Every structure is written in C-alpha cells, then in structure tokens.
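Each remark here refers to the structure printed beneath this line.
FYI, it's all coordinate maths here, none of it is from the lab. Since the structure is predicted, the reported quantities are computational estimates derived from the model, not experimental observations. Cβ atoms come from the backbone with ideal geometry, glycine included; neighbour counts cover every protein chain shown.
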Amino acid sequence: MPDSPTVPSAADRGDRRALAVLFAIVFINLVGFGLVVPLLPFFGSSLKAEAWQVALMFSAYSVGQFFAEPFWGRLSDRIGRKPVLLITVAANAVGYLMLAFVPNIWLAIAVRLFTGLGAGNVSTVQGYVADVTPPEKRAGRMGLIGAAFGAGFIAGPGLSGLLVQEDMGRLGYQLPIFAACGLALLATLGVVFFLKESLVRSATLPERTPFLGGVRDAAADPVISRVILVTLIYMAGFSGMESTFGLWTGARYDWGAREVAFAFMTVGIVSVICQTSMTGRLARRFGESRVLAAGCLLFGCGLMGQIFSPGAWFVTIAMIIGGVGMAMTMPNISAMISRASPPDRQGAMLGLNMAASSSGRILGPIVAGAMFSGLGHDWPLAVGAVLMIPAAMMAINAGRASNRMTSVAVAAG
C-alpha cells in the first residue's frame, strides 16, 4: 500500500493556486532585490565608501543568508511555512527602508547583514513547494519557483534603470530603494491574505534539533551529503564567474557595464525559459540526478566556451550554454533533497543546502578574485569548469544512493 493517498483533483487545483500565489510573491520580492543590487556600488559611492567597503556590503548579505537559512528552515518545520515567510518578507521591507536612510557605509553594511538574515527564506519557499507537490513532480515545480526568482531578477534591474536619477545625488538612488520597500510590503500583504499554510500538523511537534545535529544528520545521509557538496561546488564556480565576469570582459574585449548587463539579462531569460518548459520534463524522463549532472557539465562547458571564444560575439553564446546548465541544477538539487528528507525535516535540510549555497557565494568571489589578480584573467573560469566534473560525479553517485535506498525500502515493505 503506498505511503501517501491519491490526491483528489480539487486538492490538486488548490495546490496549484497556492503555488501560483507563491510564484507571484517570490517574483515581487525578487523584483525588489533586483532593483537594489545594481545600485549598491553607486549608493556606496554616495556614502564616500571605498571599493573594499562596497564589496563588504555585498558579502554581508550572503553572510546573513548563511546563518539564516538553516534557522528559518528548521523553524518552518515547527511553526509552519506561512509565519516564517511573513516574518522574513516583512524584514526585507524594513531592511530596504533602513538602507535608504543610513548615514554612513558601516551602517549600510549592518543593514545589508540584517536584510540577508531576512532574505534567508529560500529553503522555506522550497519546503512549501515540497509540502504540496508529489515527489515525481518536485523538480518541475522547483523549476517554476526558480523561474520566479529569475524573472524577478530580470525585471528588477530594468525597473531600477528607469527609476534611478543620478543627477539628483543620493535621493536619486533612494527612489529605487523606496520602490523595493513598497514591493516587499506588497509581498507581505500577499502572504497575509492569499497564502495558505502548507505544512500538515502532526500529533507531536518535530524534535528540536540543534544546528550541528542537523549537519550530522545531513552528513550521514548518502544522498543529502553529496547533493549539498554539489551545491557548494557549483555555487562557488558560478559566483566566481559572476564576480569576475565584468573584469574578464573588460580585460579581453573592453566591455562596459551595458554589455555586461545585457549578457546577464540574456542568460536570465534563457534560464527562466528552460526552467518553465524543460527542467521538469527532463527530470521525469531521465531522473533528477542525471539531469543535475548534465547541468553541471553544461555549465562547465559554458565557462570553457568563454575562455576559447573566437570573439566577443561568442561570449553571450557560451553564457547561454551555461545558462541552460544553470536551469538544470538548482531545481533538481532541491527536489533530490526534499525527496530524501522526512516531511518534518525538509525545511531544515533545504536550509542547510542554502547555507552551503551562501558559503559558495562567500568563498567563490574571494578565491576567483585572488586567481584573477595573481594568476591571470582566465583562471577563475578554468578552475570553475574543472570543478564541475567532480560535482557531476557526486550528482550521479547521489542518484545511485537514492535508488539503493528506494530498493531497500521496497524490499522491506
């Protein structure tokens, strides 16, 4: 007898409506994020900040996410997804408002740390999707939420460019930040009025597990441990490329900010299209681990394509290849972790995965910047591409471990 009953069509329609609301909330929130990120270097300059202080302002956000993701994920397993989403989205609104009025760069760095703590809710969003989605459909629906992230990040910078008024001084940079605050408030209202709780309450609350206990549990699981390592390696390679791409194109092809922005926007569009139309279908046909491995290798091919590009015209093509690989990675990572986790631990395990992602985002730019300056401008891309090979191997091994565990469970049942 199967563990979970067949979901009635009415319930399935309700889950689809809930996912549509969640998609809209994530999109609105990421538009706000995308509004602010392109402005930060210029906003920092308006505060008389040095370049290293602006870099610290970027890193503070990822540091906040690193600590927040496991905490919010575990808390959502206990009190529900909706309260955690409400707290974190509202914290984003407060963080944007505080950022608009900070008097100096050090307070701006502190505010970005606070906002990162509030933004560490990706694992809660993924937990919500896992709650209302049968295992065989999770990769596809995780891809849809990933598409909401991508679409928001595409729309945000465009809207930021329309709102910013550089001739108005600091006020001109505050206008997009105020817009981001308003969008975060709108997302907060969406959580309050339109999002239903997805976590099914059990008779007993899940056992409180300390952070290190959760790490030990993840390390002991042959699927989750490997997939989290894939996340760490992939995200370090991606963020290393992302942080040095403008420097690389400037050194090799004399690109400016406009060309770099258009290249990233193109990759975002390709990633959204692939996540909405392709990722779920490929996972159902070939299996999540194989698609994840292929995504890592495609991303690596995109990095190598940039190194060996015959001209500037090929750089965007190489990035598009990498963008297709990107679309195949994170949704399948989330799906594999949620499938391997018990229902009352999904938020905690997804939170640890996002903490690994934040670690990659902290370490990747540091290492890539050192290689760029000390070894040459192609080295961050080359090392990132090579790292995708062990990442793909770990993804395949995680899939084999998952199949073995499934076979044992079936034989025992």
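Tabulated data
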quantity: Karplus 3J(HN,Hα) series, Hz, for the stretch 245-253 with 6.51 cos²θ - 1.76 cosθ + 1.60 (x for Gly, Pro); calculated: 4, x, 5, 5, 5, x, 6, 9, 10
quantity: Potential extension, W313-I273 segment - 0.36 nm per residue separation minus Cα distance; calculated: 12.2 nm
quantity: √(5λ) per eigenvalue of the Cα gyration tensor, the stretch 226-375, largest first, Å; calculated: 29, 18, 12
quantity: ³J(HN,Hα) computed for each position of the stretch 323-336 - Karplus, 6.51 cos²θ - 1.76 cosθ + 1.60, integer Hz, glycine/proline x; calculated: x, 4, x, 4, 5, 9, 8, 4, x, 6, 4, 4, 5, 5
quantity: Protection-proxy order for peptides 119-125, 25-31, 276-282, 93-99, each taking the mean of Cβ atoms within 10 Å per residue, highest first; calculated: 119-125, 25-31, 93-99, 276-282
quantity: Estimated vicinal HN-Hα couplings, Hz - the stretch 75-83 in sequence order (Karplus 6.51, -1.76, 1.60; Gly, Pro = x); calculated: 5, 5, 5, 8, 9, x, 6, 4, x
quantity: Contour excess over end-to-end distance, with Cα ends at N104 and R16 and 0.36 nm allotted per residue; calculated: 27.2 nm
quantity: Quotient of C-alpha Rg and 2.2 N^0.38 Å, computed over the stretch 9-198; calculated: 1.06
quantity: FRET E, pair S46, K196, Förster distance 51 Å, beta-carbon r, rounded to 0.05; calculated: 0.75
quantity: Approximate shape of the chain as ellipsoid semi-axes (Cα gyration tensor, √5λ), whole Å, largest first; calculated: 33, 27, 19
quantity: Of S243, S289, S76, the one that fluctuates the most in a GNM where the chain has Cα springs shorter than 10 Å; calculated: S243
quantity: Relative contact order (percent, whole number), the stretch 211-413, Cα cutoff 8 Å, 6+ residue spacing; calculated: 41
quantity: Lysines with Cα under 16 Å of K196, excluding same-chain neighbours fewer than 8 positions away; calculated: K82
quantity: Mean residue ellipticity (222 nm) of the chain, computed from DSSP H runs ≥ 4 via -39,500 (n - 2.57), nearest 500; calculated: -28500 deg cm²/dmol
